[in-house]
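Working notes for the structure below.
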């Protein structure tokens, strides 16, 4: 009797199973989608119902299309597992799983991934993904002969498509205007969009492998400002991680998150935007010779980057990484990785706080005898484990969220933890400035800091980052930009710092300004340099004299 029960497997028609799976995915994986639809249409239920019917018909047409023998179970399992994973991040953080977000997921470190994979995530995955898949594996699916099967499927697919078209037509006026204003709605349909974007990511990656690397900037060379009196010039370029401008007290934030930087003679650029909203896009763009409008990741990884061009010009270049790697930026220069180290003072499970780099910086600076640029890629404020990014002594803002599941913390606790990461970055940058300034008798020096992108901290229900740029909120694209130059560095450049400070307040800046400005700081000449994007161009003595 027991054996008979265990062997029992209910039978179900392929079309019936397809419809059940379609409606299940629509309900279980699209809570955020339906919330956006209801809000965007301002609770006008006539178009909302029409959209619901139309989308349901499209889902049914899709699943029925894949209901062929030998395909139905594997495809449905992929749909359900993908939808389960995607819905967790969409519902918890407001994440849109686009191609760049998939690139971030593929290229992340184990430690970063583990921050996102909490016990609640695995419970959600089992309940909404694994368990339904086990049911699909359990049941027997009834199939008809091929001709009858095709006719049966078409008898469902065609009416569904016609109904979807009808629903679109009767709501077209409201639908077009609403989607134009809220085009993020169509980007959060699970699991269709995540699977489609995953395919696009694989295609792009394979295409990138076949691209021929193109050498650019081979004419780059250093032309010293004062050849008869030239001392080594040292610039530290810090690529910040997930720091948003709104939480810098230098920007006007009501909490004092920059107590150390405000004591230094820095230039702060309050009107600066990022090239992207995720590291996989922003980091290559920051150091690319191409401005954002001309930039693609494929183009960037198949041409020389800023570190390459500086090195080719004769500058000593190193890249220090405490994050998920340079994304191809530093593949051809000396690289030092801090990820995976086991220093108990800074590291937990191989993920280290940025302070670990300060100790090595002292040694590096002591051996400088040539023009040098050090690129530092921070771990910075990467979430959701903000609390792991700073030591106990920097828990100034309390109570701070000590959990990677934001639903377990109050909004103010999340913000406090994030603010502590900014406080620690303030200490990190100030320590670099002090280390450089303490050696002003040995070389002229400067520091540039730009974050790769910003972060959402609950505004409009969004957390973390990675929204498609076209719909990204300002919190994810408005970034801090800090410059410090020693007195000797400014003199050698014939630079009017007061002029730079005035421009900083008045002008809009972006990642596009980094490439030409660092070349100017190291006095590297190349035809790739666009002087219009050089933040120093209008404030050097020669230009000021010309304007007079």
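Just so you know, all these numbers are worked out from the coordinates, no wet-lab data involved. Every value quoted in this text rests on a predicted model; they were computed, and no experiment measured them. Note: ideal-geometry Cβ built from the backbone for every residue, glycine included; neighbour counts use all protein chains shown.
Report the extension gain between residue 348 and residue 498 in nm, rounded to one decimal, defined as 0.36 nm multiplied by the number of residues separating them, less their alpha carbon distance. Can you show the working numbers first?
Values: separation 150, 0.36 × 150 = 54.00 nm, distance 4.32 nm.
Once the chain is fully extended between residue 348 and residue 498, it gains 49.7 nm.
Mind checking the angle between helix 72-93 and the chain's longest principal axis? C-alpha axes, 0 to 90 degrees, to the nearest 10.
Rounded to the nearest ten degrees, it is 50.
For residue 541 and residue 186, calculate 0.36 nm times their separation in residues minus their Cα-Cα distance, and state this gained length in nm to one decimal.
Values: separation 355, 0.36 × 355 = 127.80 nm, distance 5.23 nm.
The span from residue 541 to residue 186 would gain 122.6 nm if fully extended.
Based on the Kirkwood radius over alpha-carbon pairs, what is the Stokes-Einstein translational diffusion coefficient of the chain at 37 °C with 0.692 mPa s viscosity, in µm²/s? All intermediate terms of the calculation are to be shown ahead of the outcome.
Numbers: Rh = 25.9 Å.
Answer from the Stokes-Einstein relation: 127 µm²/s.
Would you mind computing, in nm to one decimal, how far apart the modelled labels at residue 442 and residue 53 are, each placed 7 Å from Cα along Cα→Cβ?
7.6
Evaluate E = 1/(1 + (r/R0)^6) for residue 8 and residue 222, where r is the Cβ-Cβ distance and R0 equals 45 Å; express this FRET efficiency to the nearest 0.05. Provide the component values of the computation, followed by the final result.
Values: r = 79 Å, r/R0 = 1.76.
Efficiency at R0 = 45 Å is approximately 0.05.
Can you tell me the length gained on complete extension of the stretch residue 407 to residue 43, counting 0.36 nm per residue apart and subtracting the Cα distance? Provide the component values of the computation, followed by the final result.
On the way: separation 364, 0.36 × 364 = 131.04 nm, distance 2.59 nm.
Value of the extension gain: 128.5 nm.
Can you work out the FRET efficiency for the pair residue 369 and residue 474, with r the C-beta to C-beta distance and R0 = 51 Å, to the nearest 0.05? The partial results should precede the final answer.
On the way: r = 44 Å, r/R0 = 0.87.
It comes to 0.70.
May I ask you to sort 82, 381 by Cβ crowding, counting other Cβ atoms within 10 Å and putting the fewest first?
Values: 82 20, 381 25.
Going from least to most buried by this count: 82, 381.
Highest mean first, how do 479-487, 33-41 rank when packing is the count of other Cβ atoms within 10 Å averaged over residues? List each step's numbers first, then the result.
Details: 479-487: 23.2, 33-41: 17.2.
Output ranking for 479-487, 33-41: 479-487, 33-41.
Once every DSSP H run of n ≥ 4 in the chain is given -39500 (n - 2.57) and the sum is divided by its residues, what mean residue ellipticity at 222 nm do you get, rounded to the nearest 500 deg cm²/dmol? Before the final figure, lay out the partial values.
Values: 21 runs with 249 residues, N = 548.
After summing the helix terms and dividing by the residues of the chain, the value is -14000 deg cm²/dmol.
Between residue 299 and residue 130, what's the calculated FRET efficiency when r is the beta-carbon distance and R0 is 41 Å? Round to 0.05.
Details: r = 40 Å, r/R0 = 0.98.
Efficiency, from the Cβ-Cβ distance: 0.55.
Which whole-number percentage describes the relative contact order of the range 2-207, with Cα contacts under 8 Å and a sequence gap of 6 or more? The partial results should precede the final answer.
Details: 193 pairs, mean separation 84.8, N = 206.
In percent, rounded to a whole number, it is 41.
At 7 Å along the Cα-to-beta-carbon direction for both residue 215 and residue 506, put a label point, then send me their distance in nm to one decimal.
Spacing of the two 7 Å Cα→Cβ label points: 4.3 nm.
Need one number: % antiparallel among DSSP beta bridges in the chain, to the nearest 5. Walk me through the numbers before you get to the answer.
Values: 15 of 45 bridges.
Close to 35 percent.
Relative to the first principal axis of the alpha-carbon coordinates of the chain, what is the inclination of helix 192-210, with its axis defined by its Cα atoms, in degrees from 0 to 90 and to the nearest 10?
50
From the convex hull of the Cα coordinates of the range 232-525, what is the mean projected area in square nanometres? Provide the component values of the computation, followed by the final result.
On the way: hull surface 58.7 nm².
With the hull built on Cα positions only, its mean projection is 14.7 nm².
Starting from the Cα of residue 337, step 7 Å along the direction of its Cβ; do the same at residue 122; then give the gap between the two resulting points in nm.
In this crude label model, residue 337 to residue 122 measures out at 2.5 nm.
Relative to the first principal axis of the alpha-carbon coordinates of the chain, what is the inclination of helix 14-28, with its axis defined by its Cα atoms, in degrees from 0 to 90 and to the nearest 10?
So the helix axis and the longest Cα principal axis differ by about 40 degrees.
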